[in-house]
Amino acid sequence: MIWSIMTGKPVLTSSFWSHSKKVALIWLICALCFFTLFRMALYNSSNTLSSPSSESPNSNTDRRSKLYDKMARDLDEHGAAFLKHGETSQSLSISDIFTLKDGSVTPALKPANPPVRANVLYMSTEFSVPIAEAVKDIFNPYFDKAIWFQNSSMYHFSMFHASHHIVPVPATKEEIEAEASSVEAVSARLCPLKIVLDGVVLTSTGVLLGCWQVISGTDPITIRASLKNVLPRAPEKQLYDAAILHTTFARLLGPPKALSKELVKMSDELQFFHELVNRLNSQIRGFKVVVSELWYVEEYDLLALALNGRMNIHKFKLGCSRQEIQV
């Protein structure tokens with residue numbers, strides 16, 4: 001620093017100004033870099049919450065469509081196995097879960113030891129009741145007692161099992177509470193789903209299924225991946241494909257009462273079943289639903305959700321967006 005002879009005050013030299021400009025330029029570059037990185041972090045965080053999955057939405061939709069096409073072919077390829085008391089969709093025989101006596105169906109509730117711990121998306125009765133009524137109107141006149149209708153207050157979409165009957169994973173009370181808390185934390189980051197009924201299929205095991213596509217919200221693939229991350233002790237092999245979004249409407253357990261003597265050939269039987277499914281599809285295909293709850297369910301009986309068995313339900317709202325979704 002140089003001092004002025006006349007004033008006795010310090011005089012700023014050109015080298016000082018040059019140094020100051022360099023410092024200012026460095027700070028400006030640092031600020032711009034920080035701002036850019038901050039914007040990128042916000043963008044990635046937003047995508048993590050709202051993006052259906054690491055794959056594109058169209059890719060997930062196509063994957064589900066292929067699954068549903070395969071399921072729709074199952075009846076033709078394997079015949080009506082449910083007429084011969086075949087297996088159900090979860091490797092259980094019909095006799096394991098139902099008792100048929102004088103044409104009437106009664107659930108054969110069996111204790112699950114340890115309890116099955118299932119994570120499911122729940123469909124509210126606002127949407128499930130109209131579907132259930134349509135299913136009963138079409139199928140009840142023909143099957144009467146040889147059919148089990150899913151309780152419309154328990155319509156759900158199976159997502160991920162912390163323990164299931166094939167690979168049981170015991171848990172203490174404290175571990176169950178910890179799992180439920182982890183699922184609650186996941187649900188707070190998931191967005192409500194707006195979905196549409198792609199179609200109804202009848203499988204060879206007699207299960208009448210609603211197959212759905214996602215219009216908006218968190219994709220099932222992302223939901224299952226999120227649950228897997230917070231439930232590391234869960235069975236590696238889950239019961240369903242990661243992309244699937246399906247609901248059980250009913251289970252056929254015997255031949256149609258009015259036509260059982262008339263339908264002798266397998267082709268005639270299949271044609272009749274296809275006709276009923278087509279009639280149902282003509283009524284409810286395209287039906288839109290909003291799903292806004294994730295349940296962590298302790299099933300004390302096997303298939304308690306499907307058979308009105310004993311269970312303990314922990315209900316969590318999907319909370320990434322509080323804005324109301326219009327159907």
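For residue 172, state whether it is of a type in the set (Val, Ile, Thr) and free of Cβ contacts under 8 Å to residues at least 40 places away in the same chain. When the stated conditions are applied, residue 172 passes them. Among the residues examined, residue 179 does not qualify as in a helix (DSSP H, G or I) and free of Cβ contacts under 8 Å to residues at least 12 places away in the same chain.
The numbered conditions (1) modelled with pLDDT under 90; (2) in a strand (DSSP E or B); (3) of a type outside the set (Gly, Ala, Ser) are all true for residue 160 except (1). Scanning the range 223-233 finds one or more residues that are β-branched (Val, Ile, Thr), assigned by TED's automatic domain parsing to the domain that holds residue 140 and at pLDDT 95 or above. Remark: pairs (first residue in the range 56-83, loosely packed, with under 13 Cβ neighbours inside 10 Å; second residue not in a helix (DSSP H, G or I); Cβ separation under 7 Å; 6+ apart in sequence or on different chains) = 78/204. Only residues that are touching a residue at least 60 places away in the same chain (Cβ under 8 Å) and assigned to a helix (DSSP H, G or I) were counted in the range 268-293, giving 11.
Considering every residue within the range 247-267, establish whether at least one is in a helix (DSSP H, G or I) and modelled with pLDDT under 95.
Start the filter on the range 247-267 by keeping residues that are in a helix (DSSP H, G or I), which leaves 266-267.
Okay, now just the ones that are also modelled with pLDDT under 95, so 266-267.
Checking the range 247-267: at least one residue is in a helix (DSSP H, G or I) and modelled with pLDDT under 95.
With the structure loaded, tell me whether residue 219 is in contact (Cβ under 8 Å) with a residue 60 or more places away in the chain, surrounded by fewer than 17 Cβ atoms within 10 Å (Cβ to Cβ) and charged (D, E, K, R) or whether it fails that test. Give the derivation first.
Values: in contact (Cβ under 8 Å) with a residue 60 or more places away in the chain: yes; surrounded by fewer than 17 Cβ atoms within 10 Å (Cβ to Cβ): no; charged (D, E, K, R): yes.
So residue 219 does not fit the description; no.
What number of residues within the range 188-221 satisfy the criterion of being part of a helix (DSSP H, G or I) and touching a helix residue (DSSP H, G or I) at 6+ places or on another chain (Cβ under 9 Å)?
Just the residues of the range 188-221 that are part of a helix (DSSP H, G or I), to begin with: 188-189, 220-221.
Okay, now just the ones that are also touching a helix residue (DSSP H, G or I) at 6+ places or on another chain (Cβ under 9 Å), so 189, 220-221.
Looking only at that region, the number is 3.
Condition test on residue 166, is it under 25 Å from residue 97 (Cβ atoms), of a type in the set (A, V, I, L, M), in the same structural domain as residue 80 (by TED's automatic domain parsing) and surrounded by fewer than 17 Cβ atoms within 10 Å (Cβ to Cβ)? In short, yes.
If you check residue 66 against the conditions, is it under 19 Å from the mean Cα position of the chain (by Cα) and modelled with pLDDT of 70 or more? Break it down into steps so the answer makes sense when it comes.
On the way: under 19 Å from the mean Cα position of the chain (by Cα): yes; modelled with pLDDT of 70 or more: yes.
So residue 66 passes the test.
Every listed requirement among (1) in contact with a strand residue (DSSP E or B) (Cβ under 8 Å, 6 or more places away or on another chain); (2) over 18 Å from residue 149 (Cα atoms) is met by residue 302 save one, (2).
The values are calculated or read from the model by the stated rules, or taken from the named source; none is laboratory data. Please read these numbers as outputs of a predicted model, since none were measured by experiment. Neighbour counts are summed over all protein chains in view; Cβ atoms, including those assigned to glycine, are modelled from backbone coordinates with ideal geometry.
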